[in-house]
Amino acid sequence: MTTTVVHLLRHGEVHNPAGVLYGRLPGYRLSAAGEAMAVAAAEWFRGRDVAHLVSSPMERARQTIRPLAEATGLEVAVDERIIEAGNAFEGTVVGRGGGVFRAPRNWWKLRNPVQPSWGEPYVEIAARMIAAVEAARDAARGHEAVLVSHQLPIWTTRLHVEGRRFAHDPRRRECSLASVTSLTYEDDRFVGVSYAEPAGATDPDAVPGA
C-alpha cells in the first residue's frame, strides 16, 4: 500500500480589530501574530515529505502558506474548493453582545442549525472539501500535501471523515489558528486523522470574526 498524508492547515490570526465576521470579504490579511503563526507552521513541516501545496484564494490563506512555499521551493496551487464557508452574517459584528442574534429580522436565518440556514450547507462544504482533498492526495501520492483553508471547512471535513454529525457547537471545534488536521490514506482509503497546534491553542472567543 502507498501511504499519503493530506494536511489541512488553518490560516493564522487575521488583523480584525472591529471583530467583523469577515468570511469571504477581501482586504483581511494576517496580523503580525498571524504572520508569526505562519512561520511556526512552516517550521513544523520541516523534514516532512511535503510534495504539494494548495491554498484557498483568500489573502490570509495565501499569506499563511508563503513561508512553507519559500522553505520547500514548491509552487502553490490555488483551489476555490477550499475557500471559507459562505455566511449570511458576513460583514457584521456578531461577537459583541450578540446583537445580530437578538434582532427579529435575523431569526429566519437562524431557523435551522442543522443545515445551517444562515450559510453554506454543511453537506456542500464537505463535498467540495473532500473533492479538493482527494485531488491533493492524488497529486502527492506516496508523499504529503498541505492545504491552507479555514476553520469551518476544515472542521466539517473532519466530521465527515470521522462519520460524525455535522451539527455542532462552534465553540467546541478542535481547530485553532495555524493548526494542522492531518488525514492519512492507504492508497485511496482513509485510515485516520491526527491534529497538531504548531502555534499553540487559541481561545475561539478571543478571535474576532472567526
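Among the residues making up region 43-57, those that are hydrophobic (A, V, I, L, M, F, W, C) and closer than 12 Å to LEU74 by Cα are VAL50, ALA51, LEU53, VAL54. Out of the strands (runs of 3 or more DSSP E) lying entirely within region 73-191, which hold 1 or more residues that are surrounded by 18 or more Cβ atoms within 10 Å (Cβ to Cβ) and touching a His at 6+ places or on another chain (Cβ under 9 Å)? Counting at least 1 such residues, we get 144-149, 180-186. Among the residues of region 32-65, those that are free of Cβ contacts under 8 Å to residues at least 40 places away in the same chain, under 17 Å from the mean Cα position of the chain (by Cα) and open to solvent by less than 80 Å² (accessible area, probe 1.4 Å) comprise ALA42, PRO57, GLU59. Of all residue pairs spaced 6 or more apart or on separate chains, those with beta-carbon atoms under 7 Å, a first member in region 120-147 that is touching a residue at least 12 places away in the same chain (Cβ under 8 Å) and a second member that is open to solvent by 30 Å² or more (accessible area, probe 1.4 Å) and in a helix (DSSP H, G or I) are ILE125/LEU152; ALA126/HIS160; ARG128/ARG81; MET129/ARG81; ILE130/HIS160; ALA131/ARG81; ALA132/ARG81; ALA145/ALA139.
Go through region 13-46 and give me each residue that's part of a helix (DSSP H, G or I) and within 13 Å of MET58 (Cβ to Cβ). Residue satisfying the conditions is GLY34 alone. Can HIS150 be described as over 20 Å from ILE65 (Cα atoms), in contact with a helix residue (DSSP H, G or I) (Cβ under 8 Å, 6 or more places away or on another chain) and at pLDDT 95 or above? So HIS150 does not fit the description; no.
The values are calculated or read from the model by the stated rules, or taken from the named source; none is laboratory data. On a predicted model such as this, the values are computed, not experimentally measured, just so you know. Because the Cβ atoms are built from the backbone with ideal geometry, glycine has one as well, and the counts that use them run over all protein chains shown. Ligands, DNA and RNA are stripped out before the accessible areas are found, and what is left, the full protein with its side chains, is counted by its heavy atoms. Shrake-Rupley method; radii C 1.70, N 1.55, O 1.52, S 1.80 Å.
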